[in-house]
Amino acid sequence: MEGCGVFYCMKRITLFIFLITLAGCSQHPLVRETRILMDTFAEISCFDADKDKAIKAMDEAFKEMKRIEKVFSKFDEKSEISRINKSAGLEEVSTTEEVIGLIERSIYYSKISDGAFDITIAPLMEIWGFVHKNNFIPDKKTIEEALKKVSYENIVLDTQRLTIHFLHKDTKIDLGGIAKGYAVDRAKEVFLSYGIKNCLINLGGNIFALDSAPGNRNWHIGIRDPKDKNKILKTLYLKGQAVSTSGNYERFVVLDGKRYSHIISPVTGMPVQGIMSVTVVADSGELADALSTAIFVMQEKKTLEFIKSIKGIEVLIVKEDGKKIEYP
Ligand code: ADP
Ligand code: MG
């Protein structure tokens, strides 16, 4: 499995947000399938009177997410992102409208989060051993050197000519904090194009709950307590909404016996400490995904003000010390 080892494990053990019940069982048959995608589990549950149509739509939705993985994977040397990372520091690189679009929106999320969300985090992911295994903590100088390459302001896009260029020759991008959310949005579009509405897509804790569960009811989504996996911390009731959780408990490196999270501050260059999970409900998977990563990084003082500035989102933060912050 790409990028997976003892130190960096696929979300195999538990998904921290999950479908609690297929509430209100309908007369329509349930079609459900799980595949491995983007280094995690992808599960789709779907009800429709026409079972064959549902199976076809589901297969297409999985294929769409696989296509997105191939474009945006940082592990696949042939991906569009790898191609950009190889050359955009040296010259302008032409790419697709889709890639320019997601990068442009990522820059927007950087701006609104005051740089907490930043896809140029890649050089820091490298020195902390999230790309190739490391056995040591990077020293101050290495972190300072990496930080020079990290800033969304280093990305120059030409949205007309569909080109990208980096102002620093060693800047690289990593869309790991947004690509899964984007993928569930695309999968949702596949179901809509088939006229299927009772459907739930879960890609490693990035969920889109389409329209409604059977019987026009809300989907019941459980958020597990990161401190006690047998406990449900909160139940969400979703309809036509997305939810995403960023956590420090399943993807991390262990250096000198200490765990370091895979979410890194673009300001300090350090993996974020003190937070266990951030769950965000939003209108799109992409927004929920980007915001859950951004809020994870943000200093507590700024967090509430930021959350309030974005219309219609719900947030649950669980800190290492057990403190929970909920909004609204
Ligand atoms: P997960 O991948 O577990 O769903 P996230 O959505 O929070 O969790 O994404 C974490 C990933 O985002 C990291 O593995 C890395 O690829 C990337 N990342 C790490 N720190 C940042 C950051 N400050 N801004 C944007 N992306 C980040
Ligand atoms: Mg995210």
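No lab work stands behind these numbers, since they all come straight from the coordinates. Values in this document were obtained by computation on a predicted structure and should not be read as measured data. Neighbour counts run over all protein chains shown; Cβ positions are idealised from the backbone, glycine included.
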Length gained, E326-K141, 0.36 nm per residue minus C-alpha separation, equals 62.8 nm
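Cut-off is 10 Å between beta-carbons; in what order do Y108, Y194 appear when sorted fewest neighbours first? Numbers along the way, then the final one.
On the way: Y108 13, Y194 18.
In order of increasing Cβ crowding within 10 Å: Y108, Y194.
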The local net charge around E286, scoring Lys/Arg +1 and Asp/Glu -1 for residues other than E286 whose Cβ lies under 13 Å from its Cβ, equals -2
Protection proxy (average C-beta count within 10 Å per residue), highest first, orders 171-179, 83-91, 273-281 as 171-179, 273-281, 83-91
As straight-line cross-link partners of K111, the qualifying aspartates and glutamates (C-alpha separation under 19 Å, not fewer than 8 residues apart within one chain) are E153, D158, D174, E286, D289, E300, E305
Check: C-alpha center segment 232-267 vs C-alpha center segment 48-117, spacing in Å is 21 Å
Taking segment 149-264, the lysine pairs whose C-alpha atoms sit under 13 Å apart (8 or more places apart or on different chains) add up to 6
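Calculate, in nm to one decimal, what E77 and K227 gain on full extension: separation in residues at 0.36 nm each, minus their alpha carbon distance.
Numbers: separation 150, 0.36 × 150 = 54.00 nm, distance 3.66 nm.
Taking E77 through K227 to full extension adds about 50.3 nm, to one decimal.
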Expected sort for L316, L124, L291, L304 with the fewest Cβ neighbours (10 Å cutoff) up front is L304, L316, L124, L291
Net charge (Lys, Arg +1; Asp, Glu -1) of residues whose beta-carbon lies under 14 Å from that of S265, S265 excluded, is -3
